[in-house]
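The values are calculated or read from the model by the stated rules, or taken from the named source; none is laboratory data. Since the model is a prediction, treat every value here as computed from it, not as a measurement. Positions of Cβ are generated from backbone atoms using ideal geometry, with glycine treated the same way; all protein chains shown enter the neighbour counts. Side chains included, ligands, DNA and RNA excluded: accessible areas come from the protein's heavy atoms. Shrake-Rupley method; radii C 1.70, N 1.55, O 1.52, S 1.80 Å.
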Amino acid sequence: MIRKITLFILLTFAALANATNYIITDYGVSTDSTKLQTKTIQDIIDKASANGGGTIVIPKGVYLSGALFFKSNTSLQLSEGAVLKGSDNIADYPCIPSRMEGRKLDYYAALINAYQVNNFSISGPGTINGNGARYWKQFWDTRDSLKKQGRECTNLEVHRPRLLFIWGCNTVNIKNVKLKNSGFWTTHLYQCNDVLIEGCDIRSPFKPVKAPSTDGIDIDVCKRVTVRDCFISVNDDGVCIKGGKGVNARNLPENGVVEDILVENCTFGESHGLLTIGSESIIARNITVRNCKVHSSTPILRIKMRPDTYQTFENIKVDGITGTCGTVIELRPWKQFFDLEGSNLKPSGVVKNILITNVNVKCKSFGEIQGNPADKVSNIRFKNCTITATNPELKNKYEKVFFKNVIVNGKAYK
């Protein structure tokens, strides 16, 4: 099924390859890298759409812009040496109806926005640079200030833009582009189907200033997403499965299932987790991570069980992972921003059918499988794994966790 989806995407974009190119410097965009050129670039996008579509081409050079909104039949291409650089002034990103942290709300537009633009593509080999240092510093300064007042700083406390927000689009291709230094999440896919992210370099720094909440790829109420041959190293989750949160999340039409996700042949640098599920997720199923390399101090598979949200996570496969990590698996309660919203309900979660196979890593600890008291966890299987761990213990309180040919520190694990 995944192969057929990928072929369909490639054929669709091949058919669009002969569309008109709009090289932005041919339409009045200056090569002055200090000049904000949002309006001029947006006018070119609007012109291309009005003329039946085309590819907006960013040539070699650095071009400063605020939020851009792609329209029907338009796409973005960044040439070798091209940098589309985001403004570090939040006033250049309008506050509009949006989606953040599993909730419908008004929020600031991303640098690149596409809403109901089917067959949308972004291609490299150039760079989209979020220029996020100012936002990061504001976040940490605000957090420190609120902490002194005895208050907690939420991720939305400091207004900052995402790099890409693609909403309600079918057949999306993001290929061979560098995505870096986002002010907030790097790539946010919401209510999208048939997405291919391939050959991309996605990163944000840990120093000299940490780039908070710069998730590599957030998959939010989406189906049939493939992430392939990418490098991801960000100061939050590498690939994160979302979909909604809260006591009534399953009853809200803006929330939903994430399913049929494939992450393969990728390399993960430092992050908060290679694959993370649960902080804002209600139903996730049929998710495969395979043939990936990891170089981090964090989990390969991280599952966050919210006691304020009904959750079901099933049919998750992790296969063929090599390198170094913090833990192989981390499944535990997640109470960040816990809120029952005045309800007397007591949500619980279900986790079942997880297969971790052909993992050969060095790690700090094997991991932990310990959800909330009412969570039901079953059929977690480890097979053909070789693990070298500083702490070889797997903290586990469930009966239906199975091991076959699992070697930890040279000894069979049972």
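When ASN391, ASN384, ASN344, ASN396 are checked against the criterion of being polar (S, T, N, Q) and under 24 Å from ALA284 (Cα atoms), a single residue qualifies: ASN396. For the condition free of Cβ contacts under 8 Å to residues at least 24 places away in the same chain, touching a strand residue (DSSP E or B) at 6+ places or on another chain (Cβ under 7 Å) and open to solvent by less than 60 Å² (accessible area, probe 1.4 Å), ILE380 does not qualify.
Scanning the range 344-377 for residues that are touching a residue at least 40 places away in the same chain (Cβ under 8 Å), among the charged types (D, E, K, R) and more than 17 Å from VAL401 (Cα to Cα) turns up just one, LYS364.
Which of the residues that make up the range 143-165 are modelled with pLDDT under 95 and open to solvent by less than 40 Å² (accessible area, probe 1.4 Å)? LEU146, CYS153, ASN155, VAL158 - these are the residues of the range 143-165 that are modelled with pLDDT under 95 and open to solvent by less than 40 Å² (accessible area, probe 1.4 Å). Check whether at least one residue in the range 114-132 is among the aromatic types (Phe, Trp, Tyr) and farther than 27 Å from PHE69 by Cβ, and report yes or no. No: the range 114-132 contains no residue that is among the aromatic types (Phe, Trp, Tyr) and farther than 27 Å from PHE69 by Cβ.
Scan the range 117-142 for residues that are under 10 Å from GLY183 (Cα atoms), touching a strand residue (DSSP E or B) at 6+ places or on another chain (Cβ under 9 Å) and open to solvent by 20 Å² or more (accessible area, probe 1.4 Å) and the total you get is 2.
Count of the range 120-167 residues, restricted to those that are over 30 Å from ILE56 (Cα atoms), part of a loop (DSSP other than H, G, I, E, B) and charged (D, E, K, R), is 3.
Checked against (1) touching a Lys or Arg at 6+ places or on another chain (Cβ under 6 Å); (2) surrounded by fewer than 17 Cβ atoms within 10 Å (Cβ to Cβ); (3) not β-branched (Val, Ile, Thr), ASP194 meets all criteria but (2). Against the numbered list (1) at pLDDT below 95; (2) open to solvent by 70 Å² or more (accessible area, probe 1.4 Å); (3) of a type outside the set (S, T, N, Q), ALA14 comes up short only at (2). Counting only residues that are β-branched (Val, Ile, Thr) and over 16 Å from ILE122 (Cα atoms), which one in the range 193-241 is modelled with the lowest pLDDT? The extreme case among them is VAL209. ARG285 - would you say it is within 18 Å of LEU179 (Cβ to Cβ) and of a type in the set (Lys, Arg)? For ARG285, the condition - within 18 Å of LEU179 (Cβ to Cβ) and of a type in the set (Lys, Arg) - is not met.
Among the residues that make up the range 265-275, is at least one of them open to solvent by 50 Å² or more (accessible area, probe 1.4 Å), on the phi < 0 side of the Ramachandran plot, free of Cβ contacts under 8 Å to residues at least 40 places away in the same chain and in a loop (DSSP other than H, G, I, E, B)? Within the range 265-275, one or more residues are open to solvent by 50 Å² or more (accessible area, probe 1.4 Å), on the phi < 0 side of the Ramachandran plot, free of Cβ contacts under 8 Å to residues at least 40 places away in the same chain and in a loop (DSSP other than H, G, I, E, B).
Given the criteria at negative phi, in contact with a Ser or Thr (Cβ under 7 Å, 6 or more places away or on another chain) and either assigned to a strand (DSSP E or B) or modelled with pLDDT of 95 or more (or both), does THR171 qualify? For THR171, the condition - at negative phi, in contact with a Ser or Thr (Cβ under 7 Å, 6 or more places away or on another chain) and either assigned to a strand (DSSP E or B) or modelled with pLDDT of 95 or more (or both) - is not met.
Here the range 198-243 is the region considered, the condition is being open to solvent by 10 Å² or more (accessible area, probe 1.4 Å) and hydrophobic (A, V, I, L, M, F, W, C), and the residue that is nearest to ASP144 (Cα to Cα) is VAL209. When the range 166-190 is examined, which residues are found to be surrounded by 24 or more Cβ atoms within 10 Å (Cβ to Cβ), of a type in the set (S, T, N, Q) and either free of Cβ contacts under 8 Å to residues at least 40 places away in the same chain or over 20 Å from ILE90 (Cβ atoms) (or both)? THR187 - this is the single residue of the range 166-190 that is surrounded by 24 or more Cβ atoms within 10 Å (Cβ to Cβ), of a type in the set (S, T, N, Q) and either free of Cβ contacts under 8 Å to residues at least 40 places away in the same chain or over 20 Å from ILE90 (Cβ atoms) (or both). Filtering LYS404, LYS414, LYS395 for residues that are more than 22 Å from ASP237 (Cα to Cα) and not in a strand (DSSP E or B) leaves a single hit, LYS414. Among the residues of the range 74-116, the ones that are in a loop (DSSP other than H, G, I, E, B) and open to solvent by less than 60 Å² (accessible area, probe 1.4 Å) come to 11 in all.
Only one of the numbered conditions (1) modelled with pLDDT of 95 or more; (2) touching a Ser or Thr at 6+ places or on another chain (Cβ under 9 Å) is not met by THR357, and that is (2). Considering the range 20-41, the residues that are open to solvent by 30 Å² or more (accessible area, probe 1.4 Å), not β-branched (Val, Ile, Thr) and not in a loop (DSSP other than H, G, I, E, B) include one that is nearest to PRO94 (Cα to Cα), namely LYS39. Scanning the range 276-320 for residues that are under 18 Å from the mean Cα position of the chain (by Cα), assigned to a strand (DSSP E or B) and at positive phi turns up just one, ASN286.
Of the residues making up the range 176-215, just one is more than 15 Å from ARG162 (Cβ to Cβ) and among the small types (Gly, Ala, Ser), namely GLY199.
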